[in-house]
1. Give the long-range amide H neighbours of E204: residues separated by 5 or more places, or on another chain, with amide H under 5 Å away, using H modelled in the peptide plane at 1.01 Å from N.
2. Here are a few candidate values for semi-axes √(5λ) of the Cα gyration tensor in Å: (i) 41, 30, 20; (ii) 39, 22, 20; (iii) 62, 19, 18. Which one was actually calculated from the structure I just gave you?
3. Around F416, with a cut-off of 15 angstrom between Cβ atoms, what is the net charge of the other residues, counting Lys and Arg +1 and Asp and Glu -1?
4. Assign unit charges at the C-beta atoms only (+1 for Lys and Arg, -1 for Asp and Glu), then state the dipole size of the range 348-421 relative to its Cα centre in Debye, rounded to the nearest 20.
5. For the range 83-228, count all C-alpha to C-alpha pairs, find those more than 17 Å apart, and express that count as a whole percent of the total.
6. Provide the per-residue ³J(HN,Hα) series for the range 107-124, in order, calculated from phi with Karplus coefficients 6.51, -1.76, 1.60 and θ = phi - 60°, each as a whole number of Hz, with x at glycine and proline positions.
7. Can you work out D for the range 266-349 in µm² s⁻¹ from Stokes-Einstein, where Rh is the Kirkwood radius over C-alpha pairs, the temperature is 37 °C and the viscosity is 0.692 mPa s?
8. If you stretched the chain out fully between E350 and T380, how much longer would it get, using 0.36 nm times the residue separation minus the C-alpha to C-alpha distance?
Amino acid sequence: MPRVPNDIYRKVPSVDIYDSWELVTRHMPIEQPPASYSYEIFKKGSKIYAKNGETGHIEYENTDIADVMQDVIDALESAGTGGKILIRKGLYTMGSTVTISSTNKGVLIQGESKGWDYTPTMGTVLKAKSGFGENWMIDCQAQWVFFKDIGISGNEEANGIYIKNWDNHVVGCNIMYCKIGARISEHTWVDKCWIEYNTTYGIEVLGTESWITDCMFYNPNAYYDVAVGVNSTGPESNVWIKFNRFTDSPVAIAQWNTIKNLYLIGNIYRDLTDCAIRCNGTIYNLMSIADVCEGNSTTPNFIKVLSNGNIQRGIFIGGKIADLTGAVESIEGTANLKFIETDGYVTENEGVATFSGDGTTTTFNIPHGLASTPSKYGVTPLTPDADAARTITADATNITITFDTAPPSGTDNLKFGWWAKV
């Protein structure tokens, strides 16, 4: 392989070689080791360039990242092979929508670390220009597209990423200052992202089999009303929302229309001004496992079912609910909810209670541990001395057994099985 002369990348007097298409294409080496990317996009001064990773030639240049990205994406589509687009760190302004058409599959768009539109800029950030309007910065109509380690900033007017097809991924990105941060269709994964300062939704879910995992939804001053809007339609739709943290927004997760299964697993909800979960449609099955809602100095309710809401079956297993300013459940519509072994709020419980009679005591209390007075409850004697004439009552704390006649003295001679439901 020919040796690359040391002076190839030196400045020509009075001319930066990266500012001259002719000089760049003339002097860039043709033979060099293949890069790990199909195209590399980088800034030099006011210009943005795209270098072919195979030939090493600069093929595209512009002052707007949208134009350069579109040229590169179209080139990959023409080749029909997909490929990786590496965008070097820096702040890039976008004046128009970048479209990935439905025939362009297998594209990876990757930055250099999760981008932050702060001062100074960190990582790779794509930022909408002033006047962009409420258009989408990226319109992804294709399958098998990965967005990785990129900052998307809507400049408080644009929408972020619209994924219209399935089997796409958004990983390790920071989506901020958008109207809607991301709108995703079916079979789409959003993983390990920061979603912050967006004014309508952090993420809006339209399709089935979608996953939102291990993300941080941070929203000081309540920029957006809803962190995750589940707007799936159809009785066969499924959405998984797992291991995320929601803080400082009115609502963490809101649902409309119809969804078959909504799974909430290991999420944390803190400092919400309305509720953690809001239902304004039909959910056939809502399953929450190990979700934690605590430290909420301002949160009125854990779950709110509006007048049009209908949760046909909701099961909450484990987790914790604490520090609310109002009730755990706010039900205007219809809901069939069950809380099992949830720290701070239990709606069903059962167990075995054992007492020792002393020949004089007629009243025995069983703490049921429920969130409120049970509407249904039962007690079954398990020992002979416990099986005597008695009445059973319940209040907000105990199931009370009152015998007509005091049971005989004995050690652990009164044993009862019991159950209770709110």
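Bear in mind these aren't lab numbers, they're just calculated from the coordinates by the rules spelled out. Here the structure is a predicted model, which means the values were calculated and not measured. Because the Cβ atoms are built from the backbone with ideal geometry, glycine has one as well, and the counts that use them run over all protein chains shown.
1. A182, R183, I184, G229
2. Working out semi-axes √(5λ) of the Cα gyration tensor in Å from the coordinates points to (iii).
3. -2
4. About 180 debye.
5. Roughly 55 percent, once rounded to a whole number.
6. 9, 10, 10, 10, x, 9, 6, 4, x, 10, 8, 10, 10, x, 5, 10, x, 9
7. Answer, rounded: 261 µm²/s.
8. 9.7 nm
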